[in-house]
Amino acid sequence: MAALRILFIGGNGTISAASSRLAIERGHDLTLLNRGVSASSDAPDARPPIVGARSLVGDAGDPDSIRAAVAGQEWDVVVNFRSFSPEQAAADVEIFDGAVGQYVYISSASAYAKPVERLPITESTPLKNPHWEYSRNKIASEELLVRAWRERDFPVTIVRPSHTYDERSIPIPGGWTAVDRMRRGLPVPVLGDGTSLWTLTHTRDFAVAFVGLLGDRRAVGDTFHITSDEVLTWAQITRILARAAGAPEPTLVPLPGWVIGTELPHERDGLVGDKVHSVVFDNSKIKALVPEYTATTRYWQGAAEVIAWYDADERRKVVDPDVDAALGRLVARFGS
């Protein structure tokens, strides 16, 4: 494929950074639009810059800022990794209509109907999530963009990642604090009874499928999810993390997501609206367009990368005493 002129709104986050690097590796002319504010380079969580990318300064939440940053420019592909409301989606239609060959909207597999009535999930699975406003906003944005494609030929492609992770991502309730508890031999909660199914996709694998879609006219007007084919239970995920951390065999206390959410309210909606539901994805649609796509990173490998990243700098291993106390209360109340 010839080199594409690509704009990523965002581009150096959990999902997007690997895609940015792969796009450059494949010879595309990549520009990243962001606020131009980043952590100090010596901060423990500083992300390395995307070498080889051009830069524009703008705020994804401010349509006037984006409009000013891209004024007079045309793109083969625009991807918005930072769009979370139908108002943002509507603004992008007005900004980029007539100035882009393909506009890619990053939605979410959490938009699929909950509870899940049938597995595996395909792109035709209905969209409905009464439990999580984030997902409902993604659904509303998708609907607006599909109307724009049907009514004014706006060249949208919708991509629904599921739980995509990088070396900083800890998927279990409590994050690093829960890992630290396991290292100390303390019990931790596990979602449900620990046997519900979940899919974790490494961002490097996601990037192969995602970058393969860019500039492909067959993808315009269509929707794709991109996930690993590896399916694990929450108990397996937690034990894999414990082994990677060199912790003893963990004591897992099974708890419903809403119960965990009573003590960890910032995690409640994501638990009840997504993680408590078993998910298995059919990836045949993305593989038909990007036949080289295979998710090759098993979670035991990804978990080892996560633990190594945290252990590489003591400043990253922040144990939140409030979260630790909350996890302690949960296991004390419900543990045997």
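The values are calculated or read from the model by the stated rules, or taken from the named source; none is laboratory data. What you see is a predicted model; the values in this text were computed from it and never measured. Reconstructed Cβ throughout: ideal geometry from the backbone, glycine too, with neighbour counts over all protein chains shown.
List of remarks:
- Looking only at the stretch 84-118, residues that are out of contact with any Leu (no Cβ under 8 Å at 6 or more places or on another chain) and in a loop (DSSP other than H, G, I, E, B) come to 12 in all.
- Scanning the stretch 1-57 for residues that are without any contact (Cβ under 8 Å) to a residue 24 or more places away in the chain and assigned to a helix (DSSP H, G or I) returns a single hit, Glu25.
- Residue in the stretch 182-197 that is modelled with pLDDT of 95 or more, buried (at least 23 other Cβ atoms within 10 Å of the Cβ), part of a helix (DSSP H, G or I) and in the same structural domain as Asp311 (by TED's automatic domain parsing) present: yes
- Residue in the stretch 148-159 that is touching a Leu at 6+ places or on another chain (Cβ under 9 Å), in the same structural domain as Ser110 (by TED's automatic domain parsing) and free of Cβ contacts under 8 Å to residues at least 60 places away in the same chain present: no
- Scanning the stretch 123-147 for residues that are more than 19 Å from Phe84 (Cβ to Cβ) and within 18 Å of the chain's Cα centre (by Cα) gives a single hit, Glu123.
- Val104 vs. criteria closer than 19 Å to Arg204 by Cα, in the same structural domain as Thr157 (by TED's automatic domain parsing) and either of a type in the set (A, V, I, L, M) or touching a residue at least 24 places away in the same chain (Cβ under 8 Å) (or both): yes
- Of all the residues in the stretch 68-126, those that are surrounded by fewer than 17 Cβ atoms within 10 Å (Cβ to Cβ), among the hydroxyl-bearing types (Ser, Thr, Tyr) and over 21 Å from Leu33 (Cβ atoms) number 2.
- Test: residue in the stretch 276-290 that is buried (at least 18 other Cβ atoms within 10 Å of the Cβ), under 19 Å from the mean Cα position of the chain (by Cα) and under 22 Å from Val179 (Cβ atoms): yes
- Test: residue in the stretch 58-78 that is part of a strand (DSSP E or B), under 24 Å from Asp222 (Cα atoms), in the same structural domain as Asn137 (by TED's automatic domain parsing) and among the aliphatic types (A, V, I, L, M): yes
- Failed item in (1) farther than 30 Å from Arg150 by Cα; (2) of a type outside the set (Gly, Ala, Ser); (3) not in a loop (DSSP other than H, G, I, E, B), with Lys285 passing the rest: (1)
- Selection of the stretch 312-327 for residues being under 15 Å from Asp45 (Cβ atoms) and touching an Asp or Glu at 6+ places or on another chain (Cβ under 8 Å) yields Arg316, Lys317.
- Look at (1) outside any loop (DSSP other than H, G, I, E, B); (2) crowded, with 20+ Cβ neighbours inside 10 Å and you find that Ala295 fails only one, number (1).
- Some residue of the stretch 7-29 being within 23 Å of Arg168 (Cβ to Cβ), over 19 Å from the mean Cα position of the chain (by Cα) and in the same structural domain as Asp222 (by TED's automatic domain parsing): yes
- Some residue of the stretch 315-324 being among the acidic types (Asp, Glu), within 25 Å of Gly192 (Cβ to Cβ) and part of a helix (DSSP H, G or I): yes
- Residues within the stretch 194-222 that are acidic (Asp, Glu) and touching a Phe, Trp or Tyr at 6+ places or on another chain (Cβ under 9 Å), tallied: 1
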